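Accompanying notes for the structure given below.
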Amino acid sequence: MPTALVTGGGIRIGRAICLALGRAGFDVVVHANRSVAAANEVVRELTAFGRTARVEQADLSTPDGPQGLGKRLDRLDLLVNNAAAYEHAAFRDVTPDQLERMLAVNVRAPFLLTQAVLPLLEASGQGAVVNVTDMAVSRAYTATHFFSHYLASKAALEQLTRALALELGPKVRVNAVAPGPVAIAAETTPAQRADMLARLPLGREGSPADVAEAVVYLAQATYVTGQTIRVCGGLSIA
């Protein structure tokens, strides 16, 4: 069976990705930092339908965290860089420490972790990376106001996706999924939510399962690399 590592795999979108990959035939390494109990529950669900799964804990905000996590693996066919820092703050109030944490988790960690597991992905014969970015990188909308440092970090991750697709092919494919109105942030006001949903061609808020479907597609689409799929109900064109 192919093996996938999903960072931030215990909750929200990460949990849905782990379960979808398990159903698609992947054994799964579920990474967690603080959500270890939730990650263990995901492992129980995966093993219930016949997959091999385990939890690996690591603090990806540190330089050593991604590299240490990579060293604990002996096989890898798919890396999903899903773990993220997400914070609501007005641009004028963002501190250097806040900016550093956002960049550390959302850019440096995927960079270093991909670097650490690259030999395993190359040896796989079908190695792939899927980065989770954000639709608002290409088209900001009202609900993403006051997330400037977060969006800057996700824009960097999206560019890293394209750069690595060029550099790591043909042995490793690198793509991204960019969720839009999926698991909408708690800071979003009812008026912002109503305005956003009114402009959606598909007329509904997305779910973590919608994002997971796109990840599974990219994991298996052997002639696709350097692409970003916007999972946004059509908001990017509305």
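None of the figures in this text is laboratory data; all of them are computed from the coordinates on show. Given the structure is predicted, the values throughout are model-derived calculations rather than measurements. Here Cβ is always computed from backbone atoms with ideal geometry, including for glycine, and neighbour counts include all displayed protein chains.
Chymotrypsin sites (Phe, Trp or Tyr not before Pro) within region 144-238: which are DSSP loop residues with at most 10 other Cβ atoms inside 10 Å?
Working: sites: F146, F147, Y150, Y217, Y223; in loops: F146, Y223.
Those that pass, being in a loop and sparsely packed, are Y223.
Roughly how big is the chain's charge dipole about its Cα centre, with Cβ charges of +1 (Lys, Arg) and -1 (Asp, Glu), in debye to the nearest 20? Mind showing how you got there, number by number?
Details: 22 positive and 21 negative charges, 65 e Å.
Once rounded to the nearest 20, the dipole reads 320 debye.
Using mean Cβ contacts within 10 Å as the protection proxy, how do 113-121, 55-63 order, highest first?
On the way: 113-121: 19.4, 55-63: 17.8.
In descending order of packing, they fall as 113-121, 55-63.
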**region 81-138: mean projected area of Cα convex hull, nm²** = 5.0 nm²
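Need one word for region 104-238: rounded, prolate or oblate. Basis is the Cα gyration tensor (sqrt eigenvalues a ≥ b ≥ c); a/c below 1.5 gives rounded, then a/b vs b/c decides. Write down the numbers at each step before the final one.
Details: a/c = 2.65, a/b = 1.81, b/c = 1.47.
Judged from the Cα gyration tensor, region 104-238 comes out prolate (a/c at least 1.5, a/b above b/c).
Once the Cβ-Cβ distance between Y217 and A191 is put in as r, and R0 is 30 Å, what FRET efficiency do you end up with, to the nearest 0.05? Could you put the intermediate results ahead of the total?
Numbers: r = 34 Å, r/R0 = 1.13.
Calculated transfer efficiency: 0.30.
Around G22, what is the net charge, scoring Lys/Arg as +1 and Asp/Glu as -1 over all other residues with Cβ under 12 Å from its Cβ? Mind dumping the intermediate values first?
On the way: positive: R15, R23, R44, R51; negative: D27, E45.
Result for the local shell: +2.
At 0.36 nm per residue, minus the direct Cα-Cα distance, what do R101 and E45 gain on full extension? Give it in nm, one decimal, please.
Full extension of this stretch gives 17.0 nm more.
Quick test of the membrane-span-like rule: which DSSP H helices of the chain reach at least 15 Å along their long axis (C-alpha atoms) with mean Kyte hydropathy at least 0.5? Let's see the in-between values first.
Values: long enough: 12-23 (17 Å, 0.70); 36-48 (18 Å, 0.61); 109-124 (22 Å, 1.23); 148-168 (29 Å, 0.29); 208-220 (19 Å, 0.78).
Membrane-span-like by this rule: 12-23, 36-48, 109-124, 208-220.
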**Asked** Taking every pair of alpha-carbon atoms in region 50-99, what share in percent sits in each 5 Å bin, from 0 to the bin with the longest distance?
**Response** 4, 12, 21, 20, 14, 11, 8, 6, 3, 1, 0
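When the Kirkwood hydrodynamic radius is evaluated over all pairs of different C-alpha atoms of region 38-171, what value in angstrom, to one decimal, is obtained? Mind showing how you got there, number by number?
Numbers: mean 1/r = 0.0614 Å⁻¹.
Over region 38-171, the inverse of the mean reciprocal pair distance is 16.3 Å.
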**Message:** Which of T161, T225, T189 ends up with the largest GNM mean-square fluctuation for the chain, with Cα atoms connected below 10 Å?
**Reply:** T189
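Cβ under 13 Å from A104's Cβ, A104 left aside: what net charge do those residues give with Lys, Arg +1 and Asp, Glu -1? Present the calculation step by step, with values, prior to reporting the outcome.
Details: positive: R101, R108; negative: D59, D64, E87, D97, E100.
So the surrounding residues net to -3.
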**Message:** What distance in nm lies between label points placed 7 Å from Cα along the C-beta direction at R23 and F91?
**Reply:** 4.1 nm
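Work out, in µm²/s and without decimals, the Stokes-Einstein translational diffusion coefficient of the chain at 37 °C, 0.692 mPa s, Rh from Kirkwood over C-alpha pairs. Mind showing how you got there, number by number?
Details: Rh = 17.8 Å.
Once the numbers are plugged in, D ends up at 184 µm²/s.
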**Asked** Using alpha carbon centroids, what distance separates region 8-69 and region 210-225, in Å?
**Response** 18 Å
